[in-house]
Structure formats: structure tokens, C-alpha cells
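The structure appears below as C-alpha cells.
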Amino acid sequence: MIIHLKEGIDDNIVLALAEQNECLYYKKNNQYIFINSSSVKQLPQALESYTESFKVLSSDIQLASKEYQAEKREIRVGEEIIFGGNSNNTIVITGPCSVESEEQLDISAQNCVKNGVKIIRAGCYKPRTSPYSFQGLGKEGLILLDGVRKKYGLKVITEVRDATHVEDVIEYADIIQIGAKAMYDQGILRACSEIRKPVLLKRGFGSTLQEFVQAAEFILSGGNEQVILCERGIRTFETKTRFTFDLCGVAYLKQYTNLPVVLDPSHAMGYAYGVADLARASVAMGVDGLLIETHPTPKIAKSDAAQQLDFNQFNEMYQSLEPIAKAVGKNLI
Ligand code: PEP
Ligand code: MN
């Protein structure tokens, strides 16, 4: 249940009411919003006189549901970049899987600028499946990202791997990426719920849509309303491709949630050869953004080498997206 309290209630009373009634809460403008389990179907009596309105939801997909808020949420990155809302934007995000060196990042940033891409993405804390693989440059990488942001006026998205460096990533990133493996990390989710910066939450590859959107609810219920969902492929019985790109799931998210949706065909496919086709299919679905991994020399990339596009492949693909975006009423940015 989501309960909108009347304005002007004393903060101490609000705190006591939330505790007594087992509600999470946050303040929006001058109004407190309480959220408790969707299994509660009747307004608690103690809240009656404080309540302006309330809504009973059918599952714990609550704040993210169209049932609660029909309009898609608008998420601003700086002044001009808008995901969702009424923008009709499909925003392309690209960059290497990992920040590897100043030079590699600088050339990648130049390719963003050349194509008019406004957001660069690269990881500094990599959630690798082997401890012997490249783990990322850490803070040094964040500083390099800050450098290209200043030099080229790009916005930066980078990933938080675990709660140990969450503060650093929050400080340096314009959009904080929570990776597939971290989707359940409560430390990260709770830290991101307390800030007021956009968060791109990737779907865990073994997670149902219900679990995925409930992870978003952890962030939303702390009052950070700026959550973007990212489908990046799920694990199925198929082994020829790295993951299975769940476009049916994307249709579900568009239909039932009010959160912008970004698609990541690079991690889903796992091989460069399929990425352009999947990117075109993604844009045809009218989604809010696209995340594509690119590298100046994919063959020598320190992570996800097989799936990264070189700049020629990316630029050619990017050109082909324009007419598709137009056909579905979207502005490709
Ligand atoms: C990444 O974005 O480079 C990454 C590690 O992705 P995912 O969390 O989707 O595996
Ligand atoms: Mn990657």
C-alpha cells in the first residue's frame, strides 16, 4: 500500500507513525509518502486521520508500477539529457567495458563526440567471475573519467561493484550503474536510495522481472526517484550466445512500470557479430536508451573483448539506428 499523508504533520509524529505501522517513508516536496507491504489491503486505523489518499497495489511492485503512477518517470542527467517522461528520447550510451588507460579512454571519448553521443560509460570496479582477471583501475579510473567529462563535456556512467567503494562512485558518476551481479546487494541499493542521482539498475541474469523491479523499489522507497531499468540478458539453457536477451520482459516493463528502460545488447549477445542487429531491434521497441560497448581495439580489451564493437562497427550501426528511431517516433540522441 502507498499512503500519501496530509501536509504539515510534525516530523516526530511521522517517524513514530512509520515505525508503529511498519512503513518505509520519504518526503516529496512537502508531503510524506508511506509504503508498506502490498499484502496490507486496509488502511491502518492509526493512520486514518493523517492520510490524504492511499492506494492498494496488487504486488510489491508499487512505486514503480503504472497502477500507482501512469506517466513514465522523467530522469534528468544535467540540464539537457532526459530519459523518459514525455521526451521520446532514445539515448545511446557507449564506451569501453573497462577504463584501461588515459589514452584508451580519451580516444573512446573522442568517438562519442564524433557521433554526438553525450554519455560515456566505462567500468572502474569490475565484477569479474575470476579473481585472476583484470579487476579494474579503481579510483584511478574514476579520476580518468572525471578528466574526459571535463575535457569533452560528456556525462559519465560507471559501475559500483560492492558497498566498499559506493561513496566514491556516487561522487564521481553522473549515473551510477548497479551491475547484474550486484542487483541484490542491499548495501548498494540502500546507499543509492539515499542519494538524489540517477541510477541505472541492471537485471540480474537469474532474476525474474518481479525480483528485478522489487530491487528498484529498494531505491525508490528511500526517495530516490531516478531509477532506470536495464535489460542485459538472462541465463537460459542456451549456450551459443552469452545470455538470452529478454525482449518479452522489456515489453512487460514498458507495459507495467513507470521507469525508463535501457537495453544492453552487448552483454546479452556476448559477441560483436550480433550486437548491431540486436541494437536495431531494441530501438524498434521504442525504448529509452541503449548501452553498447565499444573499444578502440576490441581484440586487446582487458574485459569483455569478444563483444565490444570497434569504432567503425559502432559508427555504422549508429547511422542505421536513426531511421528506425524515427519510424517509432523516437529522437535518437
Ligand atoms: C558491464 O556493464 O560491463 C557489466 C559488467 O555488465 P553486467 O553487470 O550486465 O554483467
Ligand atoms: Mn562489460
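The values are calculated or read from the model by the stated rules, or taken from the named source; none is laboratory data. Here the structure is a predicted model, which is why all the values come from computation and not from measurement. FYI the Cβ positions are ideal-geometry reconstructions off the backbone, even for glycines, and counts take in every protein chain you see. The protein model used for the area step is the full one, side chains on, heavy atoms only, and it has no ligands, DNA or RNA in it. Shrake-Rupley method; radii C 1.70, N 1.55, O 1.52, S 1.80 Å.
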Any of Lys114/Lys330; Lys27/Lys254; Lys55/Lys202; Lys66/Lys330 with alpha carbons more than 24 Å apart? Name them for me.
-> Lys27/Lys254; Lys55/Lys202
Under the Karplus relation 6.51 cos²θ - 1.76 cosθ + 1.60, θ = phi - 60°, what is the ordered set of whole-Hz ³J(HN,Hα) values for region 235-241, x standing for Gly and Pro?
-> 8, 10, 5, 6, 10, 5, 10
Among the GluC sites (Glu not before Pro) in region 192-288, which ones are in a DSSP loop with at most 10 other Cβ atoms within 10 Å of the Cβ? Mind listing them?
-> Glu238
Check Gln177: other-chain or 5+ apart residues with amide H under 5 Å from its amide H, H built from backbone geometry?
-> Thr158, Glu159, Val160, Leu200
What are the residues whose amide H is under 5 Å from the amide H of Thr294, where those residues sit 5 or more places off or on another chain and H is modelled from the backbone?
-> Gly95, Cys97, Leu309
Which residues qualify? For Asn89, with a placed amide H closer than 5 Å and at least 5 residues away or on another chain, they are Gly84, Asn331
Between region 193-218 and region 94-154, what is the C-alpha centre distance in whole Å?
-> 23
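How much area per residue is accessible in the chain when the probe is 1.4 Å and only protein heavy atoms are counted (Å²)?
On a per-residue basis, the chain sits at 44 Å².
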Read phi for every residue in region 163-176 and hand back ³J(HN,Hα) as whole Hz from Karplus 6.51 cos²θ - 1.76 cosθ + 1.60, θ = phi - 60°, with x for Gly and Pro.
-> 6, 5, 10, 4, 5, 4, 5, 4, 5, 8, 8, 7, 10, 8
Report ³J(HN,Hα) in whole Hz for each residue of region 127-134, in order, from the Karplus equation J = 6.51 cos²θ - 1.76 cosθ + 1.60 where θ = phi - 60°; Gly and Pro get x.
-> x, 6, 8, 10, x, 8, 7, 4
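Using only the Cα atoms, work out Rg/Rh for region 198-280, with Rh taken as the Kirkwood radius, to two decimals.
Taking Rg over the Kirkwood Rh, I get 0.99.
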Let me know the volume per residue of the alpha-carbon convex hull for region 1-115, in Å³.
-> 180
Helix-only mean residue ellipticity at 222 nm for the chain, each DSSP H run of n ≥ 4 adding -39500 (n - 2.57), per residue, nearest 500 = -10000 deg cm²/dmol
Of all the stretches in the chain, which is the longest one without any exposed loop site, taking chymotrypsin sites (Phe, Trp or Tyr not before Pro) in a DSSP loop (any state but H, G, I, E, B) with at most 11 other Cβ atoms within 10 Å?
-> 1-131
Any helix of the chain counts here only if DSSP assigns it H throughout, its Cα atoms span 15 Å or more along the axis, and its mean Kyte-Doolittle hydropathy is at least -1.0, and such helices are 102-115, 139-152, 209-220, 272-284, 311-327
Ranking Ala180, Gln226, Leu43 by how far each Cα lies towards the positive end of the charge dipole of the chain (+1 on Lys and Arg Cβ, -1 on Asp and Glu Cβ), the top one is Ala180
Placing +1 on each Lys and Arg Cβ and -1 on each Asp and Glu Cβ in the chain, then taking the dipole about the Cα centre, the residue among Pro260, Gln319, Gly78 whose Cα reaches farthest towards the positive end is Gln319
Where in region 1-97 are there GluC sites (Glu not before Pro) that are in a DSSP coil and have at most 12 other Cβ atoms within 10 angstrom of their Cβ?
-> Glu7, Glu22, Glu71, Glu79, Glu80
For the chain, what's the relative contact order in percent, using C-alpha pairs closer than 8 Å and at least 6 residues apart?
-> 17
Compute the separation of the alpha-carbon centres of region 1-42 and region 252-282 and state it in Å as a whole number.
-> 36
Name the shape class, rounded, prolate or oblate, that the alpha-carbon gyration tensor gives for the chain, where a ≥ b ≥ c are the square roots of its eigenvalues, rounded holds for a/c under 1.5, and otherwise prolate holds if a/b is larger than b/c and oblate otherwise.
-> prolate
